[in-house]
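Working notes, beginning with the structure itself.
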Amino acid sequence: MIRRREFAAAAGGLCTMLALHPRAGFGQSGGQAGSGPYKLAVLASLTGPLSALGVPSKAAIELEVKRLNDAGGIAGRPIELVFGDDQSDPSKGVIAFKRLLDEKPVAMIGPNFSSTALGLIPLVEQARLPMLSMAAEDAQVQPGRKYVFMISLTSRLNAAAILSYLRSSSLRDVALLQDSGAYGRGGARLLTELAPQYNVRIIQTETFNLADTDMTPQLTKVRNNREVQAVIVWAAGAAPATVARQYRSLDLKPPLMLTGAQADPGFAKSAGAAAEGAPFPTARAVLHAFLPPGNGSRPLLDSFVAAYRQATRVDAHVFPAAAHVAVLLIAQALRAAPGGDPDALVTALESASFTGGNGEYRFAADAHSGMLPSSVAMAMWKDGRIVPAKPNCAGCFETVAGN
């Protein structure tokens with residue numbers, strides 16, 4: 001049985017949603033002393049526009065922690081989960097984080113919203129709390145940040161894969177539609193930085209807000225630019241599905257490109273037919289059925305995908321798979337650093353060489369975003385499922401015909 005507490009930031013204060021078990025004792029080093037449970041905080045977007053990322057991540061974490069505890073925990077010590085909801089709002093994420101910090105967790109998984117993650121970093125560093133972020137913005141792991149790690153398909157990997165695909169497709173002049181948050185801004189920055197290496201030019205940029213429901217003004221400007229050969233949508237949450245539907249209704253001709261955030265059944269359901277055929281980068285879990293038997297992620301995924309579907313009645317995708325990786329990495333670090341001293345956990349994470357459901361990870365003191373390019377491939381939605389896209393990106397993992 002998973003032990004857990006759950007908190008959400010509410011207007012005007014904090015709302016305790018669930019409180020089940022008393023706190024474990026703590027040693028003066030910051031680690032959790034004694035033989036009680038290790039507390040693991042989880043901060044995710046459980047409500048709001050990005051709940052399609054946070055809710056599946058929460059389900060995967062609960063699944064993996066239950067399986068870990070059922071197998072005896074970490075040297076006999078179970079994991080106790082403490083949840084916080086940033087409500088897809090960075091300011092509320094700070095409130096929820098501070099409430100989670102009161103519970104004295106040994107580490108934290110999340111958030112999955114880049115704007116929340118970037119806003120929390122000073123607090124995370126001050127608290128000396130190892131954080132495995134599920135958000136994609138690479139700026140989280142700038143030099144000098146000791147306690148922040150990334151386990152997602154990063155914005156840099158997304159950008160490199162998209163640009164590689166464009167180069168292989170002989171598409172040079174590109175329009176970018178980005179959200180106004182940290183994820184969109186970071187994507188724009190990286191695409192601009194990397195594009196010359198791939199002989200690609202960003203010739204037009206349009207911006208929208210996460211909560212916008214009408215992107216026709218931006219799309220009309222793109223349609224009127226006859227030099228545009230392809231369009232990249234860089235956003236998360238509900239907005240990309242809106243863009244895709246309106247893109248189709250305006251009958252834009254250039255091919256539409258997406259990011260790994262759209263490897264989500266919620267996107268496909270909302271976008272409908274407009275989701276079909278738009279390429280995007282993704283990690284190994286999403287193309288589980290197409291991995292060759294010798295792929296190192298295949299055995300883990302054969303177990304995780306089946307267990308996740310049995311628990312949730314939906315298929316796993318990139319966000320629950322990232323959460324699954326985070327739990328396994330935390331467990332590995334706790335085995336290497338019994339007691340959970342924060343600096344010892346950081347050392348263990350920086351030494352981690354790990355194959356998980358989403359791919360291969362190699363961390364180091366100067367490499368806190370550990371996912372390798374071999375964890376990425378190009379995919380697209382076809383007939384309601386994700387299939388490999390061609391051409392693939394350079395250096396990305398290979399796929400075979402699936403079922």
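Which of the residues spanning segment 65-86 are open to solvent by 50 Å² or more (accessible area, probe 1.4 Å) and touching a residue at least 24 places away in the same chain (Cβ under 8 Å)?
K66, R67, A75, G76
Of all residues in segment 143-197, which are open to solvent by 40 Å² or more (accessible area, probe 1.4 Å) and not polar (S, T, N, Q)?
Listed by number, the residues that qualify are P143, G144, R145, K146, R156, R167, R172, R185, R189, E193, P196.
Residue under question is A238, and the condition is that it be open to solvent by 10 Å² or more (accessible area, probe 1.4 Å), hydrophobic (A, V, I, L, M, F, W, C), out of contact with any Leu (no Cβ under 6 Å at 6 or more places or on another chain) and within 30 Å of F304 (Cβ to Cβ); does it hold?
For A238, the condition - open to solvent by 10 Å² or more (accessible area, probe 1.4 Å), hydrophobic (A, V, I, L, M, F, W, C), out of contact with any Leu (no Cβ under 6 Å at 6 or more places or on another chain) and within 30 Å of F304 (Cβ to Cβ) - is met.
Is it the case that E360 is of a type in the set (D, E), free of Cβ contacts under 8 Å to residues at least 40 places away in the same chain, open to solvent by 20 Å² or more (accessible area, probe 1.4 Å) and closer than 20 Å to I151 by Cβ? Show your work before the answer.
Working: of a type in the set (D, E): yes; free of Cβ contacts under 8 Å to residues at least 40 places away in the same chain: no; open to solvent by 20 Å² or more (accessible area, probe 1.4 Å): yes; closer than 20 Å to I151 by Cβ: yes.
No, not satisfied.
Can you list residue pairs whose Cβ atoms sit under 7 Å apart, with the first residue in segment 96-110 being part of a loop (DSSP other than H, G, I, E, B) and the second being open to solvent by 50 Å² or more (accessible area, probe 1.4 Å)? Count only pairs 6 or more apart in sequence or on different chains.
Every condition considered, the pairs that remain are E103/R23; K104/R23; K104/F26.
Inspect segment 274-283 for any residue being farther than 22 Å from L171 by Cβ and buried (at least 16 other Cβ atoms within 10 Å of the Cβ) and give the result as yes or no.
Scanning segment 274-283, I find at least one residue that is farther than 22 Å from L171 by Cβ and buried (at least 16 other Cβ atoms within 10 Å of the Cβ), so the answer is yes.
Taking segment 356-381 as the search range and keeping residues that are of a type in the set (A, V, I, L, M) and assigned to a loop (DSSP other than H, G, I, E, B), which one is farthest from A161 (Cα to Cα)?
A365
Can you find even one residue in segment 50-64 that is part of a loop (DSSP other than H, G, I, E, B) and open to solvent by 10 Å² or more (accessible area, probe 1.4 Å)?
No, segment 50-64 has no match at all.
Would you confirm whether any residue within segment 139-154 is part of a helix (DSSP H, G or I) and not β-branched (V, I, T)?
Yes: one or more hits.
Do you know which of the residues in segment 204-234 that are under 23 Å from the mean Cα position of the chain (by Cα) and hydrophobic (A, V, I, L, M, F, W, C) is most open to solvent (accessible area, probe 1.4 Å)? Write out each step before concluding.
Kept after step one, since they are under 23 Å from the mean Cα position of the chain (by Cα), are these residues of segment 204-234: 207-212, 231-234.
Still in the running and hydrophobic (A, V, I, L, M, F, W, C): 208, 210-211, 231-234.
Numbers: F208: 3, L210: 40, A211: 80, V231: 1, I232: 0, V233: 1, W234: 0 Å².
Among those residues, the one meeting the criterion is A211.
Please find, within segment 33-49, the residue that is most open to solvent (accessible area, probe 1.4 Å) out of those that are assigned to a loop (DSSP other than H, G, I, E, B) and over 15 Å from F97 (Cα atoms). Walk me through it before giving the result.
Initially, segment 33-49 is screened for residues assigned to a loop (DSSP other than H, G, I, E, B), giving 33-37, 45-49.
From what's left, over 15 Å from F97 (Cα atoms): 33-37, 47-49.
Working: A33: 47, G34: 60, S35: 99, G36: 24, P37: 17, T47: 65, G48: 39, P49: 61 Å².
Result: S35.
Determine which single condition S88 fails, assuming it passes every other condition in (1) more than 14 Å from G186 (Cβ to Cβ); (2) part of a helix (DSSP H, G or I); (3) not charged (D, E, K, R).
Among (1) more than 14 Å from G186 (Cβ to Cβ); (2) part of a helix (DSSP H, G or I); (3) not charged (D, E, K, R), the lone unmet condition for S88 is (2).
Kindly provide the set of residues from segment 168-194 that are touching a helix residue (DSSP H, G or I) at 6+ places or on another chain (Cβ under 7 Å), aliphatic (A, V, I, L, M) and within 20 Å of K221 (Cβ to Cβ), ordered by number.
V174, A175, L176, L177, L191
Of all residues in segment 158-167 being over 12 Å from the mean Cα position of the chain (by Cα) and touching a residue at least 40 places away in the same chain (Cβ under 8 Å), which is farthest from V376 (Cα to Cα)?
Filtering segment 158-167 for residues that are over 12 Å from the mean Cα position of the chain (by Cα) and touching a residue at least 40 places away in the same chain (Cβ under 8 Å), the one farthest from V376 (Cα to Cα) comes out as L166.
From G384, G402, G395, grab the single residue that is over 27 Å from A274 (Cα atoms) and either modelled with pLDDT under 90 or of a type in the set (G, A, S) (or both). Break it down into steps so the answer makes sense when it comes.
Values: G384 fails: over 27 Å from A274 (Cα atoms); G402 fails: over 27 Å from A274 (Cα atoms).
Just one listed residue meets the conditions, G395.
Pairs only if they're at least six apart or on different chains, beta carbon under 8 angstrom, first in segment 237-248 and free of Cβ contacts under 8 Å to residues at least 60 places away in the same chain and over 23 Å from A135 (Cα atoms), second open to solvent by less than 10 Å² (accessible area, probe 1.4 Å) and assigned to a helix (DSSP H, G or I); list them, first residue then second.
Close Cβ pairs satisfying both conditions: R245/A271; Q246/L219; Y247/L219.
Taking S375 as meeting all but one of (1) touching a residue at least 24 places away in the same chain (Cβ under 8 Å); (2) in contact with a strand residue (DSSP E or B) (Cβ under 6 Å, 6 or more places away or on another chain); (3) open to solvent by 10 Å² or more (accessible area, probe 1.4 Å), write down the number of the exception.
Of everything listed in (1) touching a residue at least 24 places away in the same chain (Cβ under 8 Å); (2) in contact with a strand residue (DSSP E or B) (Cβ under 6 Å, 6 or more places away or on another chain); (3) open to solvent by 10 Å² or more (accessible area, probe 1.4 Å), S375 misses just condition (3).
Could you check G93 against (1) open to solvent by 30 Å² or more (accessible area, probe 1.4 Å); (2) touching a helix residue (DSSP H, G or I) at 6+ places or on another chain (Cβ under 9 Å); (3) not hydrophobic (A, V, I, L, M, F, W, C) and say which number it fails?
Among (1) open to solvent by 30 Å² or more (accessible area, probe 1.4 Å); (2) touching a helix residue (DSSP H, G or I) at 6+ places or on another chain (Cβ under 9 Å); (3) not hydrophobic (A, V, I, L, M, F, W, C), the lone unmet condition for G93 is (1).
Of the residues A135, A117, which single one is among the hydrophobic types (A, V, I, L, M, F, W, C), modelled with pLDDT under 95, open to solvent by less than 20 Å² (accessible area, probe 1.4 Å) and not in a helix (DSSP H, G or I)?
A135
The values are calculated or read from the model by the stated rules, or taken from the named source; none is laboratory data. These numbers come from a predicted model, not from an experiment. Backbone-built Cβ (ideal geometry, glycine too); neighbour counts: all protein chains shown. Quick note on the areas: whole protein, heavy atoms, side chains included, nothing else; ligands and nucleic acids left out. Shrake-Rupley method; radii C 1.70, N 1.55, O 1.52, S 1.80 Å.
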